[in-house]
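Data block below; observations after.
The values are calculated or read from the model by the stated rules, or taken from the named source; none is laboratory data. Note that the coordinates shown come from a computational prediction; the quantities given were computed from them, not determined experimentally. A quick note on method: Cβ atoms are made from the backbone with ideal geometry, for glycine too, and the neighbour counts reach across all protein chains shown. Surface areas here come from the heavy atoms of the whole protein model, side chains and all, with no ligands, DNA or RNA. Shrake-Rupley method; radii C 1.70, N 1.55, O 1.52, S 1.80 Å.
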Amino acid sequence: MSALLEIKDLYGGYTKGVDILRGINLEVQQGEVVGIIGLNGAGKSTFGKAVMNMLPIRRGTILFEGKDVTQLETHELARHGMAIMQQGGRVFRNLSVWDNLQLAANSANVNQRKIMRDIIPLLHSSPRQLQRMMGDKLSGGQQHQISLAMTLATGSRFVVLDEPSAGLSPKATEEMYNILRECRENLNLTIVLIEQHIAKVQEFCDYILEMNCGKINSLST
């Protein structure tokens, strides 16, 4: 069986002629959760962005469901079922929660939306309440919840989660990972988790990879 995501000899970075990623090879099977750990500057977030074509890829191939998607734009990858939750729980702070969700909810089917409403606490509010909640008034944990909801509202089957615990209190981190566990179980997601919180990676992932200097060096079990 071919991998859902296959990355071959991937090189890329932000600046012309400077490769942060230097020969990444990775296979992720349907339904797997793969953790990527490493020191700051190791290339973890750069790798996540490269998978979603958010920075220049200078060499290598990305296959999704056996199809070469290396040259597809980020919005085209979204139509194929790929998405990223970027670090920091990003939302449009000048828009209401409702408007944030409507911007993203272009592909999720009715069943997915119901599951998301059941799992994500902030979505238990009525549409009217969500229309009154502004992005800049949300707590850090609430922003992360809405950022996750926006990511999943694209109808994604494969998701890159870039440090979903970044900036959160221990209580909010625990709540976020409880939400992620339910999302994984109920939405049949395949996930690449980039994370500094090693204990959560060990609890949540099927296996763990370590990045160093733009390379995947070792496998932790």
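Odds and ends about this structure:
- Search result, residues across segment 188-206 that are of a type in the set (S, T, N, Q) and either part of a strand (DSSP E or B) or in contact with a Phe, Trp or Tyr (Cβ under 7 Å, 6 or more places away or on another chain) (or both): Thr190
- Criterion: over 15 Å from Met85 (Cα atoms) and in contact (Cβ under 8 Å) with a residue 60 or more places away in the chain - qualifying residue of Ile198, Ile194: Ile198
- Qualifying residue in segment 2-24 (condition: surrounded by fewer than 17 Cβ atoms within 10 Å (Cβ to Cβ), of a type in the set (D, E, K, R) and under 18 Å from the mean Cα position of the chain (by Cα)): no
- Residue among Ile146, Ile119, Ile194 that alone is open to solvent by less than 70 Å² (accessible area, probe 1.4 Å) and more than 19 Å from Leu101 (Cα to Cα): Ile194
For (1) modelled with pLDDT of 90 or more; (2) open to solvent by 70 Å² or more (accessible area, probe 1.4 Å); (3) of a type outside the set (D, E, K, R), each residue gets a yes or a no:
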residue: Ala50; (1), (2), (3): yes, no, yes
residue: Pro56; (1), (2), (3): no, no, yes
residue: Asp68; (1), (2), (3): yes, yes, no
residue: Asn106; (1), (2), (3): no, yes, yes
residue: Lys114; (1), (2), (3): no, yes, no
residue: Asp136; (1), (2), (3): no, yes, no
residue: Thr154; (1), (2), (3): no, no, yes
